[in-house]
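The structure appears below as structure tokens.
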């Protein structure tokens, strides 16, 4: 069983979910979509759950602070199956809000809803909860390790600079590529008082080879981090680093890969 689970609560999705239907003769007719006419993600709703699970990267700060990933998403499936009017109505944090919106925009076209034998628009709203993965406990008998600090540790040049390094130095393991394994690895890392990294542990990974590559990649980072401060003193702190492995080699692909 995967440690990182995605649970989407669709309350009686097929029978209860209300959709707003528009056709060329009526501007707005609110009705319940018949089961046979619901819009559908390619491969069904389970495939959509898998798509979200593969592409959602838990924001490091929310992961470290154990902030639950709850959002409410709404979108319109157009007659051609494309998604428009994608809105995250509310989220448990601004970062989770933004990440949920980013992932939704990656969705491929759906099979449109059908009314009277014709494709029609259908607007859906449902809650989404991304479950927090478990974080391993760091115990090394040294100074305290802070989960949150007054001044957070950071990479010189910022997050984008770190992502650039990851993108240019990542190696896709042949075993993972051959087995069609891809997705995200989340690693927990301790930033020492001198900015060096230690205690690198994989929280979640699609397979062992991708986890091992993430550890190698993090160890190869040449520059030290700017360490955290608490009460104007340098302290040890823990961060999480997400790394996405895509067969396209893009960190943030425009579309999910299809088999």
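The values are calculated or read from the model by the stated rules, or taken from the named source; none is laboratory data. No experiment lies behind these values; they were computed from the predicted model shown. Don't worry about glycine lacking a Cβ; one is built from the backbone with ideal geometry, like all the others, and counts go over all protein chains shown.
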| request: Can you confirm whether segment 65-73 contains a residue that is within 20 Å of residue 106 (Cβ to Cβ) and more than 16 Å from the chain's Cα centre (by Cα)? | output: no
| Only one of (1) assigned by TED's automatic domain parsing to the domain that holds residue 51; (2) in a loop (DSSP other than H, G, I, E, B); (3) exposed (fewer than 15 other Cβ atoms within 10 Å of the Cβ); (4) on the phi < 0 side of the Ramachandran plot is not met by residue 156, so which one is it? | (1)
| Restricting attention to segment 214-232, which residues are surrounded by fewer than 20 Cβ atoms within 10 Å (Cβ to Cβ), at pLDDT 90 or above and not in a loop (DSSP other than H, G, I, E, B)? | 215, 216, 217, 218, 219, 226, 229
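Let me confirm something: among 202, 189, which residue is surrounded by 17 or more Cβ atoms within 10 Å (Cβ to Cβ), under 17 Å from the mean Cα position of the chain (by Cα) and free of Cβ contacts under 8 Å to residues at least 60 places away in the same chain? Talk me through it step by step, then tell me what you get.
Details: 189 fails: under 17 Å from the mean Cα position of the chain (by Cα).
Only one candidate qualifies: 202.
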| request: Can you confirm whether segment 185-197 contains a residue that is part of a loop (DSSP other than H, G, I, E, B) and closer than 27 Å to residue 246 by Cβ? | output: no
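Whether any residue in segment 203-212 is farther than 24 Å from residue 50 by Cα and either modelled with pLDDT of 90 or more or outside the structural domain of residue 241 (by TED's automatic domain parsing) (or both) is what I want to check.
no
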